[in-house]
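The values are calculated or read from the model by the stated rules, or taken from the named source; none is laboratory data. Not measured: the values here are computed from a predicted model. Cβ: placed from backbone, ideal geometry, glycine included. Neighbour counts: every protein chain shown. Note: accessible area is taken over every heavy atom of the protein model, side chains too, but ligands, DNA and RNA are not part of it. Shrake-Rupley method; radii C 1.70, N 1.55, O 1.52, S 1.80 Å.
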Amino acid sequence: NLYVAFQTKDDQIVNRHTADDTTLWEGDVVELFIKPVAREDTYYEFQWAPNNARFDARFTGHRQPAWQTAAKFTAAIKHAVAIDGSVNDDTGDDRGWTVEAAIPWSAFGLSEAPKDGDIWFANMYRIDSKGTHNMAFMGAWAPVGGDFHQLRDAGKFVFSR
């Protein structure tokens, strides 16, 4: 598995989208974009919301196919969300939330972990929302401009045994 974790600070935890593979990015969400360098144009997008909804998609070109079709891809991801406060409740006691996920190598078409020295492009994002279409903050591990799907200038994961 590829293990990832996000720990966020958030004074108003909100995401009203509860179904998987929907527009989770319209609320609080963390996202992982990842592309094995050896593959031509294929890349993956994974998102987790504080209400435990998730989004997983496989794209075969830049934003291709449309996200609704790309999201028909399903990976056997195990994930857990922990809330320090409450979701979609304006009680004022929110402090943050955490996501931990295990993405099996098979999600990337592999039967085992990448080889020593393999390089994958990757980026991680955090959207802090104060309600639908009211983004208070968008943060990136490797800022690439206005298009999260642009992995050419993203960070790199270098695998080592």
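Some observations on this one:
- Condition check for P114: of a type outside the set (G, A, S) and without any contact (Cβ under 8 Å) to a residue 12 or more places away in the chain: no
- Just one residue in the set F148, F157, F137 is aromatic (F, W, Y), closer than 27 Å to D11 by Cα and either open to solvent by less than 20 Å² (accessible area, probe 1.4 Å) or assigned to a strand (DSSP E or B) (or both); that residue is F137.
- The condition of being in a loop (DSSP other than H, G, I, E, B), among the small types (G, A, S) and open to solvent by less than 40 Å² (accessible area, probe 1.4 Å) holds for only one of A101, A142, that being A142.
- Of all residues in the stretch 104-120, those satisfying the criterion of being open to solvent by 40 Å² or more (accessible area, probe 1.4 Å) and outside any helix (DSSP H, G or I) are G109, L110, S111, E112, K115, D116, G117, D118, I119.
- If you filter the stretch 1-19 down to residues that are touching a Gly at 6+ places or on another chain (Cβ under 7 Å), in a loop (DSSP other than H, G, I, E, B) and of a type outside the set (D, E, K, R), you find that the one that is surrounded by the fewest Cβ atoms within 10 Å (Cβ to Cβ) is H17.
- All positions within the stretch 121-134 that are surrounded by 12 or more Cβ atoms within 10 Å (Cβ to Cβ) and modelled with pLDDT under 85: S129, K130, G131, T132
- Residues (open to solvent by 10 Å² or more (accessible area, probe 1.4 Å) and either at pLDDT 95 or above or not in a strand (DSSP E or B) (or both)) located in the stretch 20-36: D20, D21, T22, T23, W25, E26
- Scope the stretch 37-77; condition surrounded by fewer than 19 Cβ atoms within 10 Å (Cβ to Cβ) and in contact (Cβ under 8 Å) with a residue 60 or more places away in the chain; matching residues: V37, A38, H62, R63
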